[in-house]
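Data first, discussion second: the structure below is written as structure tokens.
The values are calculated or read from the model by the stated rules, or taken from the named source; none is laboratory data. Worth saying up front: this structure is predicted, and the values here are computed from it rather than measured. Positions of Cβ are backbone-derived with ideal geometry, glycine not excepted, and every protein chain shown enters the neighbour counts. Heavy atoms of the whole protein, side chains included, go into the accessibility calculation; ligands, DNA and RNA do not. Shrake-Rupley method; radii C 1.70, N 1.55, O 1.52, S 1.80 Å.
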Amino acid sequence: MADSVLELNIHVPLDSFALEIKTPFEKRVMGVFGPSGSGKTTLIETVAGLRRQATGFLKCGTHVWMDSAKQIYQHTEARHIGFVPQDHLLFPHLNVEQNLTFGVNRNSNEANMRSFEGIVEVLELRPLLRRSPAQLSGGEKQRVSLGRALCSNPQLLILDEPMASLDQRLRHRILPLLLKIKDHFQTPILIVSHSPFELQALCDEVIAIDRGKIVAKGRPEEVFTQPQLYQNFDGESFKNLISAIIVEQAEHTTQIRLGNAKTSPLLNMIKIDGKIEQKVLVGFPANDVIISNSFVTGVSARNQLQAKIEKIESLDHRLIVTTKLLGNPTQSVVVELTPNALEELKISQGDEIFILLKSSSITRYG
């Protein structure tokens, strides 16, 4: 049996509760979600070796970092973790290049040099190499902090609230860079955030914790559509985030394909910049989606996709309807409905329906 990417069975006593996390992470990009005070910071500090009072078992890949039964405890330096804190913590007396190569000898071998050059290119850092941290914007500091962590060739990259200190404009700038890191480097990544949106966009697997205990685990769309967690979107609707490929550019619209197969559904959105076959991340709110039990003619919505209802759950005076797109069985779309709408449509779990979506409802991220 293959090793888990990260295996946790840890206990850490805290003032008002104990952090008790027992789970394997099987996917390379992992997320931890929870409100303030839920134990997220304690969890990542334990993984990083900063909570000496922690007990239990902790393994990253084939490397055992903690095993209390065998009196094994590797200190932070031996764990080779790249840690990116919320406040960046760049060395103010070093320029960007020196920050990136801190603790790494660029001239030690050719592989290190290639790694450094690749990180500079992916994170678009070359114009910044001679600047000091004081000359950088918040988004630039974040990129340098990410680059410095990657330059250490870590066994695990930990991102602590990676976009919490950025405004909305910078978040849209940093998100595609984080996706590039995910795509270009094979380093396991653990992301801690109180933002469901960030974890949806970046993670393959998520745990939600509350008062030190796991309350949900699974793919992001599975976790965040659970009624007890669905309400964590700061008053906004759940956003369906989908990786797509540009297939056609017209005068006013762009057509994208939701998947790699020829049978994958197509969507039309308001024109965006991009080349044919370019990968993009798009999203649309669950409350902007309309369901019909048959194909609709004479309607302004430019997109009608066939889907099958997988799950219907109640939340307050709404229903959370999870569907799977026909032609792309791995892609789910979440829809918000009222109970009255569901009753009038006379649809239930297992039924095939049509999803209607306006081109203007679809947003590109990045």
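Against the chain, whose longest principal axis comes from its Cα atoms, helix 168-184 is set at around 70 degrees. Note on Lys275: aspartates and glutamates with a C-alpha under 16 Å away, same-chain residues under 8 apart excluded, are Glu248, Glu251. Counting only residues at least eight positions apart within a chain, or on another chain, the lysines with an alpha carbon under 19 Å from that of Lys346 are Lys308, Lys311, Lys324.
Of the GluC sites (Glu not before Pro) found in region 254-342, the ones in coil according to DSSP and having at most 15 other Cβ atoms within 10 Å of their Cβ are Glu277.
Output the 0 to 90 degree angle, nearest 10, between the alpha-carbon long axis of helix 138-151 and the longest principal axis computed from the alpha carbons of the chain. It works out to around 60 degrees.
What number comes out for accessible area per residue over region 1-59 if the probe is 1.4 Å? Units Å², please. Intermediate results must be reported in sequence, preceding the final value.
On the way: 2620 Å² over 59 residues.
Per residue, region 1-59 has an accessible area of 44 Å².
Would you mind working out the magnitude of the charge dipole of the chain relative to its Cα centre, with +1 at each Lys and Arg C-beta and -1 at each Asp and Glu C-beta, to the nearest 20 Debye? Could you put the intermediate results ahead of the total?
Details: 40 positive and 40 negative charges, 149 e Å.
With only Lys, Arg, Asp and Glu charged at Cβ, the dipole is about 720 debye.
Taking 24 Å as the limit for the C-alpha separation, the pairs Lys141/Lys239; Lys279/Lys358; Lys141/Lys217 exceed it in the case of Lys141/Lys239; Lys141/Lys217.
Rounded, prolate or oblate: which one fits region 125-259, using the alpha carbon gyration tensor with axes a ≥ b ≥ c (rounded when a/c is under 1.5, else prolate when a/b beats b/c, else oblate)? Show your work: numbers first, answer last.
Values: a/c = 1.71, a/b = 1.16, b/c = 1.48.
Oblate is the answer for region 125-259, as a/c is 1.5 or above yet b/c matches or exceeds a/b.
Give the Debye-formula value of log10 I(q)/I(0) at each listed q (0.07, 0.08, 0.10, 0.11 Å⁻¹), with one equal scatterer per alpha carbon of the chain, two decimals each. Taken in order of the listed q values, log10 I(q)/I(0) reads -0.36, -0.46, -0.71, -0.85. Near the amide H of Lys311, within less than 5 Å, lie the amide hydrogens of Thr322, all on another chain or at least 5 residues away, with H placed in the peptide plane. Excluding ligands, DNA and RNA, the accessible surface per residue across region 168-315 is 48 Å² with a 1.4 Å probe.
Let me have the 222 nm mean residue ellipticity of the chain computed from DSSP H runs of 4+ only, each contributing -39500 (n - 2.57), with the sum over all residues rounded to the nearest 500. Write down the numbers at each step before the final one.
Working: 10 runs with 84 residues, N = 366.
My calculation for the chain gives -6500 deg cm²/dmol from helical runs alone.
To put it simply, the accessible area of the chain at a 1.4 Å probe is 49 percent carbon and sulfur. Pick from Ser243, Ser294, Ser152: which is most flexible by mean-square fluctuation in a GNM of the chain where alpha carbon atoms under 10 Å apart are linked? Judging by the Gaussian network model, the answer is Ser294.
Hydrodynamic estimate: the Kirkwood radius of region 10-135 over Cα pairs, inserted into Stokes-Einstein at 20 °C and 1.002 mPa s, corresponds to D of 123 µm²/s. Sorting the segments 16-25, 142-151 by their mean number of nearby beta carbons within 10 angstrom, highest to lowest, gives 142-151, 16-25.
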